[in-house]
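I have placed the structure first, in the form of structure tokens, so that the comments after it can refer back to it.
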Amino acid sequence: MLIIERSPVYRAGLRHALERAPDIQIQIETADPTHAAEYVRALHPHIILLGLDPYARVAGAFARPLTFSGNGSKLIALAENAASRQELAMVDMRAAAFALKTIAGDALIDLIRRCAGGARSAALSPRETQVLQCAAGGESNKRIAYALNIREKTVKNHLTSVFRKLGVANRTQAVMRAFNHGWARLQIE
């Protein structure tokens with residue numbers, strides 16, 4: 001595995017979380033994305049873990065050569081927040097998976113294992129992310145429709161798409177996945 005992350009503190013946290021998994025080996029970590037393509041060519045990592053900063057478009061520009069290098073590496077992008085994650089979807093980095101940087105260590109390990117096994121996580125659209133966040137807040141389809149100014153049938157269609165993309169069978173599983181990956185947070189009032 002290759003870790004590309006600018007923040008030394010977050011990089012150390014990733015290393016600490018991943019060292020618990022005996023089947024995950026970190027080959028190298030770097031703060032400098034410009035040298036990442038050289039590392040990929042030299043090391044042929046199975047997984048590239050790319051921590052994104054607010055300059056997501058810049059990250060997308062150098063991530064493309066990483067994923068098109070033909071070495072079979074799978075790219076997992078970790079975004080600061082849902083907005084930068086949505087921007088990444090527009091950049092089309094060909095990432096195997098996206099998660100927020102608030103993802104729990106065990107969930108990240110699970111995501112890495114699934115990607116290494118060939119799984120691919122389709123990015124949610126901005127509207128699907130909004131619907132999922134409302135669902136995670138306990139809102140009914142009717143209240144989500146009202147809040148987002150869309151029809152209730154449209155909410156159901158978005159949820160069906162979310163279930164398919166996340167590989168889950170129902171709303172509860174989708175909400176749990178959202179909490180585990182940091183896409184939604186429990187609001188206590």
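Here, each number is a calculation from the coordinates, and none is a lab measurement. In this text, all values refer to a predicted model and were calculated from it rather than measured experimentally. Using ideal geometry, Cβ is built from the backbone for each residue, glycine included, and neighbour counts are taken over all protein chains shown.
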Relative contact order for region 4-54: what is it in percent, counting Cα pairs under 8 Å that are at least 6 residues apart?
55 percent
Given unit charges at Cβ for Lys, Arg (+) and Asp, Glu (-), the dipole magnitude of region 126-180 about its Cα centre in debye, nearest 20, is 160 debye
Could you list H44, H16 in order of exposure, starting from the residue whose Cβ has the fewest other Cβ atoms within 10 Å?
H16, H44
Entries in K101/K142; K74/K165; K74/K101; K101/K165 that, when Cα-Cα distance is taken, lie over 25 Å
K101/K142
Between region 1-50 and region 110-178, the Cα center-to-center distance that results, in Å:
29 Å
Roughly what would the spin-label model give for T172 and R6, points 7 Å off Cα along C-beta, in nm?
4.2 nm
